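A.B. asks: What follows is a structure written as structure tokens; I'll ask about it next.
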Amino acid sequence: MIISILNNLLGKISIQKVQKGGQSMDRNKFSAIAHSEHLFSNPISETKINRIIDFLQLEPHAKVLDIGAGKCELLIRLVEKYDIEATAVELYEGSILEAKKQAQKRISEGKITYIVKDAKQVISEYVDHFDVGICVGSSHALGSLELTLQALKGSVKKGGFILVGEGYWKKKPSQEYLDALGGADESELKKHHENVFMGESMGLVPIWSVVASDDDWDEYEGLYAMSMEKYCYENPNDPDYNIMLNKIRTWKRTYFTWGRDTLGF
């Protein structure tokens, strides 16, 4: 099953370090601050994600893998609803620390195994092992959407489910938008139906598909910018203050000028 949703081109672009005036800042710090108020680090609404969780109808102790699990909100909800066993792969340890704090409040200890490693080093260890394989907005961790689908197909049992999230172009991106994204290329993303059909070409069966609405995007981008502005206002002595403020304000202008009408998820 391919539930083809999401992805934010931010995920691809923000792999690089933020640079200004010869200085650099780890993108994980920026991302953690900007996503501090988000339940999910993507623009799909909570209502739509809960609908997907309901569709899965998993048996207790089913095994679920999440690549780029972030703060693990999706896995925690799956444990709460189905009592599954989860494996979270996330390269940024700060996100895992936050995930553990949330998990301790809501689910039994040991229900989620946390792996802080490069996903490429982990995925090959599991063959026909999981009932569900997830990668939402993190296909860059495995190289591309195609490589992600191939990897998850190999790690998920026959008859299991794959939940992926990938960005798409709503319309042809202008060169100005691509330049504003740091020299992105139109070939980095496909159209929505091409994302869905890619899985179909690998022998997977598309079952359900949702996209972020304009309201979903505004909510996501609003929280993203507001969290960073608030942090900078409250922490004027942070050595990355100028870099972060410049980046978020540039990103806001980019979103309103081009992104809202061009980038889908």
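The values are calculated or read from the model by the stated rules, or taken from the named source; none is laboratory data. A quick note: this is a predicted structure, and the numbers were derived from the prediction, not measured. FYI the Cβ positions are ideal-geometry reconstructions off the backbone, even for glycines, and counts take in every protein chain you see.
A.B. asks: Among the listed residues A88, A62, identify the single one that is within 23 Å of E125 (Cα to Cα), modelled with pLDDT of 95 or more, more than 18 Å from the chain's Cα centre (by Cα) and among the hydrophobic types (A, V, I, L, M, F, W, C).
C.D. replies: So the residue among A88, A62 that is within 23 Å of E125 (Cα to Cα), modelled with pLDDT of 95 or more, more than 18 Å from the chain's Cα centre (by Cα) and among the hydrophobic types (A, V, I, L, M, F, W, C) is A62.
A.B. asks: A further question on this structure: Please identify the pairs in which a residue from the stretch 202-216 that is in the same structural domain as G264 (by TED's automatic domain parsing) and surrounded by 13 or more Cβ atoms within 10 Å (Cβ to Cβ) has its Cβ atom under 7 Å from the Cβ atom of a residue that is of a type in the set (S, T, Y) and modelled with pLDDT of 95 or more, counting only partners at least 6 apart or on another chain.
C.D. replies: Every condition considered, the pairs that remain are D216/S45.
A.B. asks: Against the definition (crowded, with 17+ Cβ neighbours inside 10 Å and at negative phi), how does T250 come out, yes or no? Break it down stepwise before answering.
C.D. replies: Values: crowded, with 17+ Cβ neighbours inside 10 Å: no; at negative phi: yes.
So T250 fails the test.
A.B. asks: I'm told N195 meets every condition in (1) free of Cβ contacts under 8 Å to residues at least 40 places away in the same chain; (2) among the polar types (S, T, N, Q); (3) buried (at least 16 other Cβ atoms within 10 Å of the Cβ) except one. Can you identify the failing condition by its number?
C.D. replies: Condition not satisfied by N195: (1).
A.B. asks: Oh, and also: Quick check on G183: is it free of Cβ contacts under 8 Å to residues at least 24 places away in the same chain and under 18 Å from the mean Cα position of the chain (by Cα)?
C.D. replies: Values: free of Cβ contacts under 8 Å to residues at least 24 places away in the same chain: yes; under 18 Å from the mean Cα position of the chain (by Cα): no.
Spelling it out, it is not the case that G183 is free of Cβ contacts under 8 Å to residues at least 24 places away in the same chain and under 18 Å from the mean Cα position of the chain (by Cα).
A.B. asks: Within the group G94, G68, which residue is in the same structural domain as L142 (by TED's automatic domain parsing) and at positive phi? So that I can check it myself, show each step before the final result.
C.D. replies: Working: G94 fails: at positive phi.
Testing whether each residue is in the same structural domain as L142 (by TED's automatic domain parsing) and at positive phi leaves just G68.
A.B. asks: Looking only at the stretch 242-258, filter to residues that are among the hydrophobic types (A, V, I, L, M, F, W, C) and under 20 Å from the mean Cα position of the chain (by Cα); which one of those is nearest to G182 (Cα to Cα)?
C.D. replies: Taking the stretch 242-258 and keeping what is among the hydrophobic types (A, V, I, L, M, F, W, C), we get 243-245, 248, 251, 256, 258.
Add one more test, that the residue is under 20 Å from the mean Cα position of the chain (by Cα), and what stays is 248, 251.
Working: I248: 14, W251: 11 Å.
In this case the residue turns out to be W251.
A.B. asks: While we're on this one: Those residues that are in a helix (DSSP H, G or I), of a type in the set (G, A, S) and buried (at least 24 other Cβ atoms within 10 Å of the Cβ), I need them from the stretch 127-150; list them, please.
C.D. replies: Hit for the stretch 127-150 is S139, nothing else.
A.B. asks: Something else now. Would you confirm whether or not the stretch 112-119 contains a residue that is among the polar types (S, T, N, Q), under 20 Å from F161 (Cα atoms) and without any contact (Cβ under 8 Å) to a residue 40 or more places away in the chain? Outline the logic, then answer.
C.D. replies: As a first pass, look at the stretch 112-119 and keep what is among the polar types (S, T, N, Q): 113.
So of that shortlist, the ones also under 20 Å from F161 (Cα atoms) come out as 113.
With without any contact (Cβ under 8 Å) to a residue 40 or more places away in the chain added as a condition, the list becomes 113.
Yes, because at least one residue in the stretch 112-119 is among the polar types (S, T, N, Q), under 20 Å from F161 (Cα atoms) and without any contact (Cβ under 8 Å) to a residue 40 or more places away in the chain.
A.B. asks: Oh, and also: For the stretch 70-119, how many residues meet the condition of being among the polar types (S, T, N, Q) and buried (at least 19 other Cβ atoms within 10 Å of the Cβ)? Walk me through it before giving the result.
C.D. replies: The initial filter retains those residues of the stretch 70-119 that are among the polar types (S, T, N, Q), namely 87, 95, 102, 104, 108, 113.
Retained after the next criterion (residues that are buried (at least 19 other Cβ atoms within 10 Å of the Cβ)): 87, 95.
Of the residues in the stretch 70-119, 2 are among the polar types (S, T, N, Q) and buried (at least 19 other Cβ atoms within 10 Å of the Cβ).
A.B. asks: May I pose another question? For S124, state whether it is surrounded by fewer than 17 Cβ atoms within 10 Å (Cβ to Cβ), of a type in the set (S, T, N, Q) and not in a helix (DSSP H, G or I).
C.D. replies: Details: surrounded by fewer than 17 Cβ atoms within 10 Å (Cβ to Cβ): yes; of a type in the set (S, T, N, Q): yes; not in a helix (DSSP H, G or I): no.
No; evaluated as a whole, the condition is false for this residue.
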